[in-house]
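Here you go, one structure.
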């Protein structure tokens, strides 16, 4: 089966996306199976083809060579995104309590970010963490730890398999004459409904944490590194940050077949045991694939892959459209569809492996 040309394929896919959006009554329902215009028997044949391909002994072709930097958020953007999505975390101070003096003391705190990405906290003068800070002096260092979790999506976070960020620095009181005073009060009141009842109390004050060291961890067995504070300050949170957890959850719950086809047909992974999406942002999506090791069928290996979007997305609708195109091309490749000449579906999707056999 041969497609007329590449332009026709793009137009058809975009048209399909628009139809799904209109018929679903909302963008969240647009991620229905990409082969909605095909019969169930066609999907069954596609899955059969994927299973056959994954068990084949023929050497699978390597992933195409792409510029990774163009399809990955940099670490500063990831750190800024985590701190932006989260509005609470753990504030670590040094205890002055008898018998545990000098020990780390963790307190649950709420916060918002100012325009430079510095956390701003509303603290009670009687709170233990504020007393620790006050006794330690103005140059004392504290650490705010923020982690994506259940509050960021419909499903609970899976252990250490979430992004987190630690910001270490000094804390100073925000003066009411500060240029961003009104903006901070409004921002805090929107993020934390109780704030309007206490922010005018003489016992509560706003404090700003000025980061000196920032440490980002992308998840279990993935990436971790120190982020220069100036890079963090200049970074922009990802536009999909608040919607990504819901998109990831929907993909993993309702698109198992599409993810299997993507792993076998687009990522060229054989003998796949499990596939799931671990993240989505404006530049692409991350997939974790567990497969059997060739010639050692009793051993499993887990690899991380980056499936880049051909163009950066600027909205949730754009992201869903790009994911739909990937699923569509995986189905086409499994069913022998070509675009004319030697080009095959999915050949120009930006792909690369980000972590190899280090998770199991």
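Every read-out reported here was derived from the displayed coordinates using simple, explicitly stated rules and does not represent laboratory data. In this text, all values refer to a predicted model and were calculated from it rather than measured experimentally. Glycine also receives a Cβ, built like all others from the backbone with ideal geometry; neighbour counts cover every protein chain displayed.
To make sure I understand, if each residue's beta carbon is the centre and we count other beta carbons within 10 Å, what order do 182, 234 fall in, fewest to most?
In increasing order of surrounding Cβ atoms, one gets 182, 234.
In which sequence would 114, 98 go, from the one with the fewest C-beta neighbours within 10 Å to the one with the most?
Ascending number of Cβ neighbours within 10 Å: 98, 114.
Sort 343, 101, 77 so the one with the fewest other Cβ atoms within 10 Å of its own Cβ comes first. It would help to have the intermediate numbers written out before the result.
Values: 343 13, 101 9, 77 23.
Least crowded to most crowded, the residues run 101, 343, 77.
By per-residue mean of other Cβ atoms within 10 Å, what is the highest-first order of 324-330, 83-89, 244-250?
324-330, 83-89, 244-250
If you don't mind, another one. Express in nm, to one decimal, how much length is gained between residue 194 and residue 246 on full extension, taking 0.36 nm for each residue of separation and deducting their alpha carbon distance.
Difference between extended and current length: 16.1 nm.
Measuring from the lowest to the highest alpha carbon on each principal axis, how far does segment 75-234 reach, largest first, in angstroms?
44, 41, 32
Related question: Of the listed peptides 132-139, 277-284, what is their order by residue-averaged count of other C-beta atoms within 10 Å, with the highest listed first?
Result, highest mean first: 277-284, 132-139.
In whole angstrom, how far apart do the alpha carbon centroids of segment 68-138 and segment 277-311 sit?
33
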